[in-house]
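Below is one structure, written out as structure tokens; comments come after it.
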């Protein structure tokens, strides 16, 4: 495959995935489902989508970040074999930072909250979430990439919201 064509095709597929996810309805739509299935990427179950819609990590529009991550991973896997004969593609694959790309996407789809909302939410949540915090030294484990709270005590693999690894191996 031509060096420039491989790089152009890779970048084009990444761009199409991003735009399709971003332009889809909240939680994804038919076009997003087609793209997701076309890459063989695993969609979130209805139960997982329900849980995420009730979590503190809200989205205003678009597909869930973890699904976009899965599509990006499929695109990278598709082009990895061609990288050995294409230095430009190899460089693009090596420099493609999934965590950063998924976080950039989340910044575009999260709901806007003005200062009024921030202070109103802080005042309402202070009593609910900080009661007894100083006494018992409780804290919530959060994703280092997107800030989503860990879903349960036994979740040690990847963030359900954006797909980043919750813990790094020592």
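No other residue among 14, 66, 75, 109 is at negative phi, in contact (Cβ under 8 Å) with a residue 60 or more places away in the chain and touching a strand residue (DSSP E or B) at 6+ places or on another chain (Cβ under 9 Å) apart from 66. When segment 34-63 is filtered for residues that are under 15 Å from residue 148 (Cα atoms) and free of Cβ contacts under 8 Å to residues at least 40 places away in the same chain, the ones remaining, listed by number, are 49, 53, 54. Residue count for segment 25-37 under the criterion of being over 17 Å from residue 162 (Cα atoms) and touching a helix residue (DSSP H, G or I) at 6+ places or on another chain (Cβ under 9 Å): the result is 5. State the number of residues belonging to segment 62-77 that are in contact with a helix residue (DSSP H, G or I) (Cβ under 8 Å, 6 or more places away or on another chain) and more than 16 Å from residue 24 (Cβ to Cβ). Total satisfying the criteria: 3. No other residue among 135, 144, 169, 128 is in a loop (DSSP other than H, G, I, E, B), modelled with pLDDT under 80 and either within 16 Å of the chain's Cα centre (by Cα) or over 22 Å from residue 74 (Cα atoms) (or both) apart from 169.
The values are calculated or read from the model by the stated rules, or taken from the named source; none is laboratory data. Remember, predicted model here, so these are calculated numbers, not experimental data. All Cβ positions, glycine included, derive from the backbone under ideal geometry; neighbour counts span all protein chains shown.
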